[in-house]
Structures are given as structure tokens and as C-alpha cells.
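No value in this document is a laboratory result; all are computed from the given coordinates. This is a predicted model, so every value here is computed, not measured. When we count neighbours, we look across all protein chains shown, and the Cβ atoms used for this are built from the backbone with ideal geometry, even at glycine.
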Amino acid sequence: MAIDVKLNVFEGPLDLLLHLIDKNKIDIYDIPISEITDQYLEYVEMMEKEDMEVMSEFMVMAATLIDIKCRMLLPKEEDEKGEEIDPREELVRQLLEYKEYKYMAGRLRIKMDEAGEVAVRGQQLPKEVMSYVPPVDLDEMLKDLSFDRLKDVFQFVLQRQEDKIDPVRSRFGHIEKEEVALPEKMTFVRNYARKNKHFSFRRLLEKQHSKMQTIVTFLAVLELMKTGKIAISQKEIFGDIEIDSLEYAGEDVPEKENKNG
């Protein structure tokens, strides 16, 4: 029985077999191997000047079909359980896998074609939404670290600052009020954290030169925690509180005037 086929249409031997099965309306689980083999060989004979690598794939399948055809003529083989072995079983499995692969490839091709027709609109959110910063949960941020512990360290350092003051000489002369701006102190602490990466909270406070400097530094630490620039931790109970920078230690944050060192 002659079949009218065009060369270079099928992607491989399994593609040709599926075409023959669909054309003859054959049940893929019950392939008439003799008929399909004859039609397949007829197509292979038409491949006169095809690429040898492609041709070899079709020849291997032809040999497989002939082998199955021969086994179908022999007495039925049985497996260890005494059940008959169908020589077509492996071929059917390969055909089903290839059919599924071909279906998925077709679906992906359709998706790709549809994607080319889709226009994505740029993000257009109100300025209020873009600038929204979710509130910071200090309890979650501090976790196992008690806020009272921070306060204790702060008060301890303040007391040491007061002890430095000469009770007699401090009453002489005109004492000007020291102005310490919180934004400038935040810049100082932020730069200090970026450079040192990991340091002691107590040591940071002790580096300040006055009570006011210490107070503002403490507030700056709290603000930087809220904005996610730094994180604090305590490895053990009553141990030293440590600060870690959460920023890249590259270029410093610009400072207007560094008087709060």
C-alpha cells in the first residue's frame, strides 16, 4: 500500500510513527506492527539523499520495527510471573513519552506567540504609596535582647560622664549650651558603623565627650535601628551589647559638619 508523504516534514522516527498511527486511526496500545512496519519502510525508501545522521536514526527505528515484527511471529514470551511479554511494550512507552513532549512543546510555542502580543504597562503607583515605609516592630528587632538592658548601659555611661565633671571648676566662668543635632549624630554613628562593621554599644557611648553627646548618640542608635541601618545583639545574658552595620562599608555618608565625634 503506497503512502503519499513529503520529506523533511517529520522531526524523527517517532514523529513519523505517530503520524502513521494517527492517519490509520490505530490504537497506540495495540499497534498492528506488520502494517506499520511496511508503511514505515516505504517512507524510508523515499529518503534517497537525506543527511546520513538523520537517515541513521530512521534506519535504527526500521530495524527495531522489523525485530518486533519477527518477535510477534514467534511463540509468546513470558516474564517471571508467567505473564506474556508484549514485544511492542517498549515502543509504546517511547511513543507515549514523545507524544507528551510534542504536546508540551506545542503549548510552549503558543505561549511564546501570545507573549509577543502582550504589552506590559509600567508601574504607576501614587507617590504616597511609593514613599510608604512600614512601621518597625522594635520587639521583633530586639528579639531576645531586653530594652531595659540598653537603658541600663545608657544610664551607666551617663553616670560616668557626670563623674568626669569637676564639681568646683564647673561652677566658674560662662558655660555655653552645647548644641548637638540628632541628624548629624546619626550621620556620625552611621559612618562609624559602616567603617567598623561590628562594635560595642557601651564603647560607642563611652567615646562621647559629654552627657548631651551621650544622650543624642543613644537616640541616634535607636533611630538607625528603626530605619534598618544597624542591628544590635547580645550573645549571652549580662554580656556586652554589640552593634552590626547592615550597610556596605564603602563610601561614607556625607556629613555637613562633623563636630560630634
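Can you pick out the pairs among 23/76; 76/99; 127/197 whose Cα atoms lie more than 32 Å from each other? Exceeds cut-off: 127/197. Checking the a/c ratio against 1.5 first, then a/b against b/c, what shape does the Cα gyration tensor give for the range 15-133? Here the range 15-133 falls in the prolate category. If you take every residue apart from residue 230 with its C-beta less than 9 Å away from the C-beta of residue 230, what net charge results, scoring Lys and Arg +1 and Asp and Glu -1? Neighbour charge sum, excluding residue 230 itself: 0. Put in order of Cβ neighbour count within 10 Å, fewest first, the listed residues 88, 203 become 203, 88.
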